[in-house]
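The values are calculated or read from the model by the stated rules, or taken from the named source; none is laboratory data. The structure presented is a predicted model; accordingly, all values stated were derived computationally and were not measured. Here the Cβ positions follow ideal geometry from the backbone for every residue, glycine too, while neighbour counts run over all protein chains shown. Note: areas computed on protein heavy atoms with side chains; ligands, DNA, RNA excluded. Shrake-Rupley method; radii C 1.70, N 1.55, O 1.52, S 1.80 Å.
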Amino acid sequence: MSAPLEEKVEQRTRPTLEELKERKARNRQRVSDNAEVMTISMGPHHPSTHGVFRMDLDLDGEVIVDVRPEVGNLHRGMEKLAESKTYHQIIPLTDRLHYVVSFSQNEGYCEAVEKLMGIEVPERAKYIRSMCHEMCRIANHIIWLGFLVMDLGAITFQQITFREREYIMDLWEMLTGARLTHSFARIGGVAKDIPDGFREKMAAALEVIPKRMAEYDRLIRNNRIFLARGKDVGIFTSEDCAAWRVTGPTLRAAGCPRDLRKDEPFAAYDQLDFNVCVEYEADVIARYVLRMNEIYESIKIIKQCLDEMPDGPVIAEDAFHVIPPKKDVLRSSAAMIQDFVQVFRGPQVPKGEVYKAVETSQGELAFYIVSDGSPKPQRLRITTPCFYHCQAMQPLLQGEMLADIVGIFCGVDVCLGSCDR
Amino acid sequence: MGLIDIIKKATFFEILQGMSVTGKYAASKKFTIEYPKEKSIPYPRFRGSQALLADPVTGELNCDACHLCETICPSQCITIESSETPDGKKSLDEFTIDLSRCVFCGFCEEVCPRAAIVMTANYELASYDKRDFILTKEWLIANAVHAHKELKGR
């Protein structure tokens, strides 16, 4: 497997935090005292806001003086809706936060519920979960790149990246039965084992994707327009990230190796060997390089998962919390009784509160559940990374040029479905 | 800046480099399929519209009207009306699925204790008329022709 980006990273010098701050101050424009500030509204139907997001921009000429982001145009009341559903029924709801990384959200929710109920997940299910997380990451990073370059002016590039994402989409369809809204994780494991022929298809996809990524590199890496619009644009240091709770690739591109897969391992990540990618430039180009390196790392993890996956069941044998596998329901009466009890009465849940965060491809996604002992959660709070990314628009954009808004906005990876819930 | 860099900048080297990738694909085979003419074949786990399966020998429906699918459905799109026959069995009178509410999660298939309701490979569900989205019992029985070949456990 070729890794052209990793070699280039080694040769670059690492700027310190002070240097980054100075570079940020130099690149952001100062507003003169007698500036005539004009307020315009961007969105909610602007094509580059990736959903329905509105910003009030205060402009002095082409320089942004202030930004007031307005979220909530896509609010669907998911948290309230979850209060009227049993723990099993909430899984399809979590698909619809961010439609590219559906599985990561299913899994994050199930991790939280399993922590609340104290369920031990079988080893094989853990490996399948890790593999699916990385499939989400590859698909998300690839189309993120497509949208970024499209926002910077190269429309065809987005369609090229959708071609590679199609390999992952086919694998999703083969594994879960749906292309976008998988509903694949279950409380206590995953819904199905990997099907026949999946390994071969996955190996073929993992063969193609690095080759195509080398092509992306040739297309845009040295392109002067891409560099001019990305280099030193939207610098956001690790201090800023900590102040505004920006996580994920944006934080790692600022030199902070924070990754929940390493720091608080979930699924099978504690048994897998992988590196946390870090970049130090903290601009749009650094975020691009970081995400491409993460795809190479994800490919490594998927290969490991498939090689080291142990045999065994994919869902826990737990009569009080788990809907049994269908093949058991058709054969044994005990499983059928368990099936009826789980559907009509719901899982038996202890009272308590639980918080669990997982690392999705955008950042830290957390679920906070308050249980009153009934089969429906009393309160389900979803903390999505995109909400905090939208909140950070003001410090990200102040002093930047009007034309750089779309690049910076896409650079931090915002999905409004996930933000507004 | 070295001489090579100046030459590269003057000749738009990186644009040519990118265009070489573009040019390579201009002549290659196309990746897409032209949908109405050629159709994509879903994988065996694909979750399309539902179908009610019948016993191949007797022709009786597998469904016992146990209401499990109606209860688990997260979007509450399934409506079942059942009655009791004189010999004490439950019979299925109405089975309606509101397709405009269905989220295709496949839970109905998963919890069914008799393999009566299954998700099929039928994905061509678009319609000009909203009334077409109310799937009746008869529609669901007829839709069984689209069911996946082997009924796989999960």
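Summary table below
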read-out	value
First in segment B:43-60 and within 13 Å of chain A (Cβ to nearest Cβ), second anywhere and among the charged types (D, E, K, R) and surrounded by fewer than 10 Cβ atoms within 10 Å (Cβ to Cβ), Cβ under 9 Å, 6 or more apart	B:PRO44/B:LYS149; B:PRO44/B:GLU150
Leading residue by the ranking (surrounded by the fewest Cβ atoms within 10 Å (Cβ to Cβ)) among those in segment A:293-346 that are part of a helix (DSSP H, G or I) and hydroxyl-bearing (Ser, Thr, Tyr)	A:SER333
Pair list, Cβ < 6 Å and 6+ apart or interchain, from segment A:79-105 residues that are among the small types (Gly, Ala, Ser) to residues that are in a loop (DSSP other than H, G, I, E, B) and surrounded by fewer than 24 Cβ atoms within 10 Å (Cβ to Cβ)	A:SER102/A:THR181
Condition check for A:LEU290: in contact with a Gly (Cβ under 9 Å, 6 or more places away or on another chain), more than 18 Å from A:GLU107 (Cβ to Cβ) and crowded, with 20+ Cβ neighbours inside 10 Å	no
Number of positions in segment A:115-159 that are open to solvent by 10 Å² or more (accessible area, probe 1.4 Å), in contact with a strand residue (DSSP E or B) (Cβ under 7 Å, 6 or more places away or on another chain) and not basic (Lys, Arg)	3
In segment A:78-100, residue surrounded by the fewest Cβ atoms within 10 Å (Cβ to Cβ) [restricted to those that are away from chain B (no Cβ under 14 Å) and not aliphatic (A, V, I, L, M)]	A:LYS80
2 or more residues modelled with pLDDT under 85 and under 21 Å from A:LEU396 (Cα atoms): qualifying helices (runs of 4 or more DSSP H) within segment A:1-87	A:17-27
Residue ID - farthest from A:ARG218 (Cα to Cα), chosen from residues in segment B:9-22 that are surrounded by 11 or more Cβ atoms within 10 Å (Cβ to Cβ) and of a type outside the set (A, V, I, L, M, F, W, C)	B:LYS9
Number of the exception - A:PRO47 against (1) out of contact with any Asp or Glu (no Cβ under 6 Å at 6 or more places or on another chain); (2) in contact (Cβ under 8 Å) with a residue 12 or more places away in the chain	(2)
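Here's the yes/no breakdown for (1) in contact (Cβ under 8 Å) with a residue 60 or more places away in the chain; (2) among the β-branched types (Val, Ile, Thr); (3) within 14 Å of chain B (Cβ to nearest Cβ):
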residue	(1), (2), (3)
A:LEU330	no, no, yes
A:TYR355	yes, no, no
A:VAL370	no, yes, no
A:GLN394	yes, no, no
A:ILE405	yes, yes, no
